[in-house]
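Participant: Here it is, the structure in full.
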Amino acid sequence: MSDDASSSKMPLLAHLVELRGRLLKSVIAIIVLFFIFFSVKEHIYGFLVQPLADILAEQGGERRMIFTALHEAFFTYIKVSFWTALFVAFPFVAAQFWRFVAPGLYLHEKKAVLPYLVLSPILFFLGGALVYYFIFPLAWQFFISFETPGGNGALAVQLEPKVNEYLSLVMRLIFAFGISFQLPIVLTLMARAGMTTSQGLASKRKYAIVSSFIGAAIITPPDVISQVGLAIPIIILYEASIIAVRMVEKKSNSQGQAASGDSEDIEETDFNQA
């Protein structure tokens, strides 16, 4: 009995040791990238600030960003370096996860999961690119339009953004758009698992549209531009998800028909032989 127990525990211990090794490699990669990006932290933060800097430069005059706590700029650079390292290290972390999970999957399961693992960071990058190159300029222009010049005894109302508040807003929008762009992957995986169908998604289209605008209003700042800029891509991605789910269903049906045809041929052959 003791030999049987030890032999049954060994595979589990081996998997735990392998998991620890994969996690350790992922953590080391993130730490190394963190220190690399911390050495160029000003350039990374300058890239994030560039949309705002371009708009302020068009208005002329010298503008600045401020920090009001002694440690604010330091911790802001730490956050910038950490999130950049996490984003860049994601493909490596995903590869470690895949190498840990793949040996326990069948061939058809590997073919089903691997494309989504590759497509996920691409969609996240597309969401981040959309908010950086399209939403940021429009949203920042909208917010800056509330500045008022002084004169005639009135004080000027001028924007002086804080470095940590700007970073928090930028990262929240980037992650909101990036995660929202994962919608086709989530719905397609749910369809493969039999949790949803294209017909069910199509019938709930009006609820999805309302939910998209409500979710965008909660996640984004209180301005129409960023809310609509997030809600419309979600709706488009929802429609794309319906098409993707239909493709998955057609593929599953064709494979099922082929399998049933093969089984009928086998039964007919056995009958003829008998």
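Participant: Based on what the data block shows, is SER241 on the phi < 0 side of the Ramachandran plot, among the polar types (S, T, N, Q) and surrounded by 13 or more Cβ atoms within 10 Å (Cβ to Cβ)?
Facilitator: Numbers: on the phi < 0 side of the Ramachandran plot: yes; among the polar types (S, T, N, Q): yes; surrounded by 13 or more Cβ atoms within 10 Å (Cβ to Cβ): yes.
Against the criterion (on the phi < 0 side of the Ramachandran plot, among the polar types (S, T, N, Q) and surrounded by 13 or more Cβ atoms within 10 Å (Cβ to Cβ)), SER241 qualifies.
Participant: In addition: Tell me the residue from VAL186, VAL170 that is touching a residue at least 60 places away in the same chain (Cβ under 8 Å) and either of a type in the set (Asp, Glu) or out of contact with any Cys (no Cβ under 8 Å at 6 or more places or on another chain) (or both), please. Even if it seems obvious, please write down each step before you answer.
Facilitator: Numbers: VAL186 fails: touching a residue at least 60 places away in the same chain (Cβ under 8 Å).
Step by step, each of VAL186, VAL170 is checked, and only VAL170 is touching a residue at least 60 places away in the same chain (Cβ under 8 Å) and either of a type in the set (Asp, Glu) or out of contact with any Cys (no Cβ under 8 Å at 6 or more places or on another chain) (or both).
Participant: Given the criterion over 21 Å from PRO221 (Cα atoms), part of a helix (DSSP H, G or I) and at pLDDT 85 or above, identify the matching residue among LEU167, LEU201. First the steps, then the outcome.
Facilitator: Details: LEU167 fails: over 21 Å from PRO221 (Cα atoms).
Sole residue among the options that is over 21 Å from PRO221 (Cα atoms), part of a helix (DSSP H, G or I) and at pLDDT 85 or above: LEU201.
Participant: What's the number of the only condition in (1) under 20 Å from the mean Cα position of the chain (by Cα); (2) exposed (fewer than 13 other Cβ atoms within 10 Å of the Cβ); (3) touching a residue at least 60 places away in the same chain (Cβ under 8 Å) that ILE66 fails to meet?
Facilitator: Status for ILE66: all satisfied but (1).
Condition check ((1) part of a loop (DSSP other than H, G, I, E, B); (2) polar (S, T, N, Q); (3) modelled with pLDDT under 85) across all residues:
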{"site": "PRO11", "(1), (2), (3)": "no, no, yes"}
{"site": "LEU23", "(1), (2), (3)": "no, no, no"}
{"site": "ALA29", "(1), (2), (3)": "no, no, no"}
{"site": "LEU33", "(1), (2), (3)": "no, no, no"}
{"site": "GLN50", "(1), (2), (3)": "no, yes, no"}
{"site": "GLY61", "(1), (2), (3)": "yes, no, yes"}
{"site": "PHE75", "(1), (2), (3)": "no, no, no"}
{"site": "GLU109", "(1), (2), (3)": "no, no, yes"}
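Participant: Give me a count of the residues in region 170-198 that are part of a loop (DSSP other than H, G, I, E, B), among the hydrophobic types (A, V, I, L, M, F, W, C) and touching a helix residue (DSSP H, G or I) at 6+ places or on another chain (Cβ under 7 Å).
Facilitator: So in region 170-198, the residues part of a loop (DSSP other than H, G, I, E, B) come out as 181-182, 193-197.
Still in the list and also among the hydrophobic types (A, V, I, L, M, F, W, C): 181, 193, 195.
Those left that are additionally touching a helix residue (DSSP H, G or I) at 6+ places or on another chain (Cβ under 7 Å): 181.
Adding up the residues that qualify gives 1.
Participant: Something else now. Could you check, for region 146-154, whether at least one of its residues is without any contact (Cβ under 8 Å) to a residue 40 or more places away in the chain, under 22 Å from ALA216 (Cβ atoms) and in contact with a strand residue (DSSP E or B) (Cβ under 9 Å, 6 or more places away or on another chain)? Give the derivation first.
Facilitator: Initially, region 146-154 is screened for residues without any contact (Cβ under 8 Å) to a residue 40 or more places away in the chain, giving 146-154.
Within this subset, residues satisfying the condition of being under 22 Å from ALA216 (Cβ atoms) are 146.
With in contact with a strand residue (DSSP E or B) (Cβ under 9 Å, 6 or more places away or on another chain) added as a condition, the list becomes 146.
Yes: one or more hits.
Participant: Right, another one. Is it the case that region 116-134 has a residue that's of a type in the set (A, V, I, L, M, F, W, C), farther than 29 Å from LYS25 by Cα, surrounded by 14 or more Cβ atoms within 10 Å (Cβ to Cβ) and free of Cβ contacts under 8 Å to residues at least 60 places away in the same chain?
Facilitator: The answer is no, given that none of the residues of region 116-134 is of a type in the set (A, V, I, L, M, F, W, C), farther than 29 Å from LYS25 by Cα, surrounded by 14 or more Cβ atoms within 10 Å (Cβ to Cβ) and free of Cβ contacts under 8 Å to residues at least 60 places away in the same chain.
The values are calculated or read from the model by the stated rules, or taken from the named source; none is laboratory data. Predicted model, so just to flag it, every value in this text is computed and none were measured. With ideal geometry, Cβ positions are generated from the backbone for all residues, glycine too; neighbour counts draw on all protein chains shown.
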